[in-house]
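Right, one structure below, let's go through it.
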Amino acid sequence: MLAAELALAKIDVAIVERRTSQELPGARAGGLHSRTIEIFDQRGIAERFLAEGQQTQPGWFAGVHFDISDFPTRHPYACGLWQNHIERILAGWVGELGVTIYRDREVTGFAQDETGVDVELSDGASLRAQYLVGCDGGRSVIRKTAGIEFPGWDATTSAIIAQAELAETPQLGMRTDAIGTHGIGRLDYKIVDGKIVYADSGPVRIMLTEAQVGPATEPTLDDLKQAMIGVYGTDFGLHSPTWISRFTDMTRQAAAYRDRRVLLAGDAAHVHSPDGAQGLQMGVQDAVNLGWKLAQVVNGTSPQSLLDTYHAERHPAAARVLRTTMAHVALRRPDERIAALRDTIAEFMKNAEPRKQFAAKMFGLDVRYDFGEGHPLLGRRMPDLDLVTANGTRRVFTLLHDARPVLLNLGETGNFDSVPRPERVQLIDAKYAGAWELPALGSIAAPDAVLIRPDGHVAWVADRTQDGLAEALVTWFGLPDAA
């Protein structure tokens, strides 16, 4: 995703990928949240994922299954789609954008100086880059080499996950016992009336909570069989695993997302329990926050200090998610006292307003970057409105397909024609007569104009005047071209 963002800005970017091909063993993560789908829609690629996935209502918290079908978004749902397909579709898009991928090699080290980074590869070759971004996971070599601290909390629980074949018919679905939560589900399924209906045959995905926190090493087939027998009394003739792995609730976050010319994104910057399916979503949001900023710095249109806003915005956003996942893990512990707390919270969550507040938080629709006091839109995602323009009806998200900022004038045509601005900032005169509503917040006053960043967040809102616009344009997008 980050490579695509940079490529859209005509930046020479390359990916170093340790896998030899795009093939990913196993299905891995299971879908996309509403805000992630919106981000793909902002780039014009959402339909690629929706065409292969299945619409469903998002996950649950404290035993409450959230329904966001009444949310003010064009995508009030989740998209059930395995990670191997998500990665394949993204890789196809990156290929169309001409991004180079160095496969079958890893970054083993680097050295940075005032003008760039020398990157050492596992095949003995090296690359010279202006910037290096570590998207290399929770055990990030780049984070460790940069000396960035990774504080947080150690694991208190672990689970074995796997994809395999079973000779016997298993007991499908989730179950809870004195150890924790477990589940078996067919890889192939359909969503019918909001419920998962599994295929009658085919490989299965397995998740088994371990009685004790497992070691850092990957589990074996025998470990998987013994865990299944411990939960189900049988291993159902388990055989032919595609992959076996282990996850924990270890929760850590990089103390800094940037060390001079080295930055971190995704799991390299934050790790947590997979409860709530937040990891993939946060990685995509990191990428679209960083990509346009890094592009402007590389192009020389913005100072390096713009990169400091990446940490300032994304670190607090991830910290909120990490605390939510820790709460999620705590509430599913098999303890009667915890069960009492879970039931109490569940009762509260079933009310309309708490549901809206918490669901918006879980599914990325309430993220607000702190740009100071002002209109409720300031710092939040811009709604995908149907605008009336001189060229017909246009959706807001279509204006962001090329990852260019937008100055959207909703007042008198020509109000901003004389405002000095960088050429890449699109000026759009439009009308919108509908109601303005934000997830969790509800109805808000209609603005006269907004400045929308390439990541879809609003950087400035008109308050009947143009006060602050010139400063916002320079802060986020550099000096006007004539300057």
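For the stretch 446-483 versus the stretch 1-27, the spacing of their alpha-carbon centroids is 31 Å. For the stretch 382-465, the solvent-accessible area of protein heavy atoms averages 43 Å² per residue (probe radius 1.4 Å; ligands and nucleic acids excluded).
Against the main long axis of the alpha-carbon atoms of the chain, helix 336-349 sits at an angle near 40°.
Put the Cα centre of the stretch 117-136 next to the Cα centre of the stretch 63-99 and the gap is 30 Å.
Evaluated with a Cβ-only charge set (Lys, Arg +1; Asp, Glu -1), the stretch 286-409 carries a dipole of roughly 220 debye about its Cα centre, given to the nearest 20.
Report note on the peptides 285-293, 422-430: ranked by the mean count of other C-beta atoms within 10 Å, highest first, their order is 285-293, 422-430. Counting only residues at least eight positions apart within a chain, or on another chain, there are no lysines with an alpha carbon under 16 Å from that of LYS144. Solvent-accessible area per residue in the stretch 217-319 equals 33 Å², computed with a 1.4 angstrom probe and all protein chains kept. What is the helix-to-structure angle for 83-96, meaning the angle in degrees between its Cα long axis and the longest Cα principal axis of the chain, kept from 0 to 90 and rounded to the nearest 10? That works out to roughly 30 degrees. Surface composition of the chain: carbon and sulfur make up 49 percent of the accessible area, probe 1.4 Å. Any idea which of GLY414, CYS135, MET228 is furthest toward the positive side of the dipole for the chain, if Lys and Arg beta-carbons carry +1 and Asp and Glu beta-carbons -1? Result: MET228.
Rounded to the nearest 20, the size of the Cβ-charge dipole of the stretch 79-141 about its Cα centre is 260 debye, with Lys and Arg at +1 and Asp and Glu at -1. Considering only HIS272, GLY95, ALA216, and ranking their Cα positions along the charge dipole of the chain that arises from unit charges at the beta-carbon of Lys, Arg, Asp and Glu, the one farthest toward the positive end is HIS272. Taking the C-alpha atoms only, the angle from helix 279-299 to the longest principal axis of the chain is near 30 degrees. Overall shape of the chain was characterised from the C-alpha gyration tensor. The equivalent ellipsoid obtained from it has semi-axes of 39, 28, 20 Å, in decreasing order.
Paramagnetic label reach from VAL213 (point 7 Å along Cα→Cβ; backbone nitrogen cut-off under 14 Å): within the stretch 145-178, residues 152-159. By the rule of a C-alpha distance below 15 Å, with chain neighbours fewer than 8 residues away ignored, the aspartates and glutamates paired with LYS190 are GLU52, ASP200. Here ASP308 and GLN426 are evaluated by their C-beta separation; at R0 = 30 Å the FRET efficiency comes out at 0.70.
Rolling a 1.4 Å sphere over the protein heavy atoms, what is the accessible area per residue of the stretch 78-181, to the nearest Å²? Display every interim value, and only then the final one.
Numbers: 5390 Å² over 104 residues.
Ligands and nucleic acids excluded, the figure is 52 Å² per residue.
Ranked by the mean number of other Cβ atoms within 10 Å of their residues, highest first, the peptides 401-411, 387-397, 446-456 come out as 446-456, 401-411, 387-397.
Pair-distance distribution of the stretch 1-101: all C-alpha pairs, bin width 10 Å, starting at 0; shares per bin in whole percent are 14, 40, 31, 13, 2.
The values are calculated or read from the model by the stated rules, or taken from the named source; none is laboratory data. Computed from a prediction, not measured in an experiment: that's the story for all the values here. Every residue, glycine as well, gets a Cβ built from its backbone with ideal geometry; the counts of neighbours run over all protein chains shown. Quick note on the areas: whole protein, heavy atoms, side chains included, nothing else; ligands and nucleic acids left out. Shrake-Rupley method; radii C 1.70, N 1.55, O 1.52, S 1.80 Å.
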